Each structure stands twice: as C-alpha cells, then as structure tokens.
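What follows is a set of notes on a single structure, which appears directly below.
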Amino acid sequence: MQKNKRLLNHKTFLTTAVITSLLMGLSGCVTTEQKSANLAQTVTVQQQSITASVFYRQRIALPPGAQVSLVLEDVSKMDVAAEVIAKQTITAVGAPPYQIDLSYDAAKIKPRHRYALRARIELDGQLLFTNTQQVDAFANQGLKPSEILVSQVRSEVQNDGQASLVDTQWQLSILGSQAITVEETQQPPHLTFTQGDNKVVGFAGCNRFSGRYDVLASNVNLTKLLTTKKLCFQQMNLETQFLTALSETDNYKVIDNTLTLYSNVGIVLGQFTAQANK
C-alpha cells in the first residue's frame with residue numbers, strides 16, 4: 001500500500017514538473033515574440049523617406065531601359081568621397097519629370113552634418129545625365145518633392161576610324177528611298193552637327209539653314225530649323241522634303257562613313273556620306 005502511494009506521488013510530481021516546464025517554455029516564446037515585435041516596431045520608426053522629382057530640359061526621349069537613380073549622401077567632409085546613406089533606382093517610363101521615393105535609416109543622420117541628393121540617369125552603365133548643382137536633402141522638410149535638374153553628360157568621341165556624328169560634314173545621298181544626284185554646277189544638300197553649342201547647320205538645296213539638335217545615345221532631335229529666303233524653282237521640292245525629314249528625325253546610326261536618320265517608328269528618312277575635311 002505504501003509502495004503504491006509512493007509511486008502515485010512520484011507520478012504526480014513528474015506531471016507537475018512537465019506542466020511547469022511547458023508553461024515556462026510558452027512564457028519564454030511569448031517574451032521572445034514580444035521582443036521581436038518591439039524591435040521591428042523600433043526599426044520601422046527609424047525608416048524615413050524623401051521624394052524627389054528628376055527632370056531635364058532637352059526635348060528628347062530617353063532610350064528604352066534607361067534608369068533613374070536617386071542617392072542620399074553625407075557631404076560634410078571635404079576632400080573625401082561622399083558617404084552614401086541610401087540609394088533608389090527606377091526604370092524611366094515616359095517623359096520627365098521622374099518621381100522617386102527614397103527610404104533611408106534616420107539613425108544614420110547625424111546632427112550638424114550636411115546631406116545632399118544626387119540624381120543620375122544611366123543606360124547600360126553609361127552616364128547620360130546628372131545634376132551639377134548640390135541639392136540640400138532636407139531643405140523642404142518633406143513638405144514637397146525636391147526638384148532636381150540634371151544636365152546631359154557628353155560622351156567623348158572615340159577615334160576608331162568611324163566618322164563622328166559631330167563636326168563632320170554629311171552630304172545627302174538618299175532621301176527616303178530616292179537617290180540624290182545633282183548637277184556639277186549645283187551644291188548638294190548637306191548638314192553638320194557642331195560640337196559644343198548643339199547647333200546644326202547646312203544647305204537644304206536652295207537655302208542655307210540652321211537650328212538646334214539634342215542627342216542622347218542613339219536618339220537625336222532637330223528643332224528650331226530656320227532657313228534663308230532665297231527662291232529656287234528647281235530645288236524647292238527637294239528642299240521641302242529634306243527639311244521635313246530633318247524635323248521628323250528621332251534616331252540615328254553611324255556605320256563607317258554613312259549616317260542614317262530614322263523616324264520614331266524606324267522608317268529611314270535619309271542617308272548621308274561623310275565628306276573629307278578640306
């Protein structure tokens with residue numbers, strides 16, 4: 001009888017111990033979960049955001065796949081590279097402006113330090129646009145998006161034996177699908193894109209013309225085309241078609257010594273041959 005009683009007491013003790021252990025384990029899990037939730041809440045509170053509107057003034061579309069980046073930097077230290085606090089990149093869709101929301105860790109922002117925003121537009125790793133003026137990251141205090149004007153970055157012309165788009169006189173050889181032939185006494189239509197001032201100048205068949213061009217990767221856009229007012233009965237039709245083709249130009253390609261201009265839907269508008277410098 002005493003043996004059975006001792007066995008019962010032993011079983012009761014073991015059962016109590018197991019239940020107590022389970023309760024303590026559950027209590028520990030709850031505590032851990034609460035700590036994790038509190039920590040996540042703390043991290044969430046530290047996350048802040050900045051909204052910026054990135055734009056450029058050139059009347060030209062970005063090539064497909066171009067990417068716009070916004071970087072928050074600590075620019076407090078002189079003569080050293082700025083410390084990157086946060087970065088956000090989007091794919092450009094449509095025309096500017098491009099709005100970007102940049103999240104950053106507020107704990108990394110130090111009192112009395114200076115912070116700036118830097119915007120970049122790139123295509124396949126090639127820099128196309130960036131801002132040249134420093135933009136205070138917290139000037140607007142988050143009340144409205146920071147407006148960032150980016151300027152076009154000129155790519156260096158490579159001397160690889162291929163004619164350069166700029167500073168080359170291009171003589172018209174084909175307009176649409178029509179080969180251009182001129183009398184020996186006549187001057188053939190031609191154009192030149194001048195580097196440095198973004199001007200396009202040339203001869204349209206009767207009158208000289210000038211205007212502005214913007215080039216970005218394989219895109220080129222000719223605007224503000226003006227001509228002299230000379231009247232030529234034989235060449236006026238050619239001149240009208242030539243100037244119309246220039247105003248509709250959206251893309252270009254240079255292969256060896258041949259320049260081809262395309263419309264925005266890929267139609268060949270004209271072909272030109274590079275002329276040797278005299």
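Here are the numbers:
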{"read-out": "Some residue of the range 209-221 being free of Cβ contacts under 8 Å to residues at least 60 places away in the same chain and surrounded by fewer than 14 Cβ atoms within 10 Å (Cβ to Cβ)", "value": "no"}
{"read-out": "Test for Asp101: is it in a strand (DSSP E or B) and open to solvent by 80 Å² or more (accessible area, probe 1.4 Å)", "value": "yes"}
{"read-out": "Residue satisfying all of: in the range 66-92; of a type in the set (Asp, Glu) and open to solvent by less than 80 Å² (accessible area, probe 1.4 Å); nearest to the chain's Cα centre (by Cα) among these", "value": "Glu73"}
{"read-out": "Test: residue in the range 223-232 that is closer than 23 Å to Ser263 by Cβ and in a loop (DSSP other than H, G, I, E, B)", "value": "no"}
{"read-out": "Selection status of Thr244, loosely packed, with under 15 Cβ neighbours inside 10 Å, modelled with pLDDT of 90 or more and not in a strand (DSSP E or B)", "value": "yes"}
{"read-out": "Residue among Thr273, Thr223, Thr249 that is over 27 Å from Thr130 (Cα atoms) and hydroxyl-bearing (Ser, Thr, Tyr)", "value": "Thr273"}
{"read-out": "Hey, Lys110 part of a loop (DSSP other than H, G, I, E, B), at pLDDT below 90 and farther than 30 Å from Asn198 by Cα or not", "value": "no"}
{"read-out": "The range 51-73 residues that are part of a loop (DSSP other than H, G, I, E, B), paired with ones that are open to solvent by less than 10 Å² (accessible area, probe 1.4 Å) and among the acidic types (Asp, Glu) (beta carbon under 7 Å, 6 or more apart)", "value": "Gln58/Asp214; Arg59/Asp214; Ile60/Asp214"}
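The values are calculated or read from the model by the stated rules, or taken from the named source; none is laboratory data. Treat the numbers as computed from the prediction; the structure is a model and nothing was measured. Ideal geometry is used to build each Cβ from the backbone, glycine not excepted, and the neighbour counts take in all protein chains shown. What goes into the accessible areas is simple: the full protein's heavy atoms, side chains included, and nothing from ligands, DNA or RNA. Shrake-Rupley method; radii C 1.70, N 1.55, O 1.52, S 1.80 Å.
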